[in-house]
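Each remark here refers to the structure printed beneath this line.
The values are calculated or read from the model by the stated rules, or taken from the named source; none is laboratory data. No experiment lies behind these values; they were computed from the predicted model shown. When we count neighbours, we look across all protein chains shown, and the Cβ atoms used for this are built from the backbone with ideal geometry, even at glycine.
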Amino acid sequence: MSTIYILWLRQLKRYFRSRTRIIGSLGQPLLFLIALGFGFGPIYQRAGGGNYIEFLAPGIISMSILFMAIFSGIEIIWDRQFGFLKETLVAPVSRFKIMLGRTLGGATVATIQGLIVFVLSFAVGFRLSDGSSVVLSLAVMFLMALLFSALGTAIASALEDMQGFQLIMNFLLMPIFFLSGALFPLEGLPPAIKTIASFNPLSYGVDGLRATLINGAHFGLGTDFLVLGAVSAALLALGAYLFSKIQI
């Protein structure tokens, strides 16, 4: 248990030690909130959709969590290249505990990132429909962060160089984000796009945040928790298996 805690704490220290990383990672979410929120807001309102910023904010929070969580996996490659991973793996502890500590640390950092974006979204006009469900939204954020942190760990465990990781991440990240309903409603979409969105785990994270923050669920909050929990467990198992196969 102490191993998991130490690795979890190390991930947090890395995050808070780099002010440039914190500030830099907020640029894209704020740009999306301001540019899209105010740019498409009048069109969305005229179409009868209401306040677009309130609809958009849960999607941008999810985007921030997605990027931060999945890129936490790149630190495995970084640590492998600089020898820290080898020192960790030769320690007399199970690799599952090492992987779990790193993944929980990455998920915690991504959740904090999502909370920062959530707070900043109030500055551009976002308002809660029901403040009592904020605790549930935190649970959705953490499950989402855990899912994609485990995915990043699994992918990084199977790769050996930064270039390969970045190529796969760019191939996966944008489709996952843009086909999740983060920027547009899932109702009324072509059947093919709606089917893809229904198999996209981020769709359920976005939907869970909309359900808890603005009472706007598409799949239903129970379904969101079920899918996020099941996929997180599956990816943790896959990540643990691939991490156990890393050669030192």
Selection count, region 135-193, where residues are out of contact with any Phe, Trp or Tyr (no Cβ under 6 Å at 6 or more places or on another chain) and in a loop (DSSP other than H, G, I, E, B): 15
Which numbered condition Leu151 misses (of (1) more than 13 Å from the chain's Cα centre (by Cα); (2) under 18 Å from Tyr241 (Cα atoms)): (1)
Unique match (being part of a loop (DSSP other than H, G, I, E, B) and either within 12 Å of the chain's Cα centre (by Cα) or modelled with pLDDT under 90 (or both)) among Arg102, Arg127: Arg127
Restricting region 42-57 to residues that are touching a helix residue (DSSP H, G or I) at 6+ places or on another chain (Cβ under 9 Å), surrounded by fewer than 19 Cβ atoms within 10 Å (Cβ to Cβ) and part of a helix (DSSP H, G or I), the residue that is modelled with the lowest pLDDT: Gln45
For Tyr204: the one exception among (1) assigned to a helix (DSSP H, G or I); (2) farther than 24 Å from Leu236 by Cα; (3) touching an Asp or Glu at 6+ places or on another chain (Cβ under 6 Å): (2)
Hits in region 205-223 - residues which are under 16 Å from Thr111 (Cβ atoms) and not polar (S, T, N, Q): Gly205, Val206, Gly208, Leu209, Leu213
Residue satisfying condition, being in contact with a helix residue (DSSP H, G or I) (Cβ under 6 Å, 6 or more places away or on another chain) and under 26 Å from Gly37 (Cβ atoms), within set Leu202, Leu159, Leu238, Leu189: Leu202
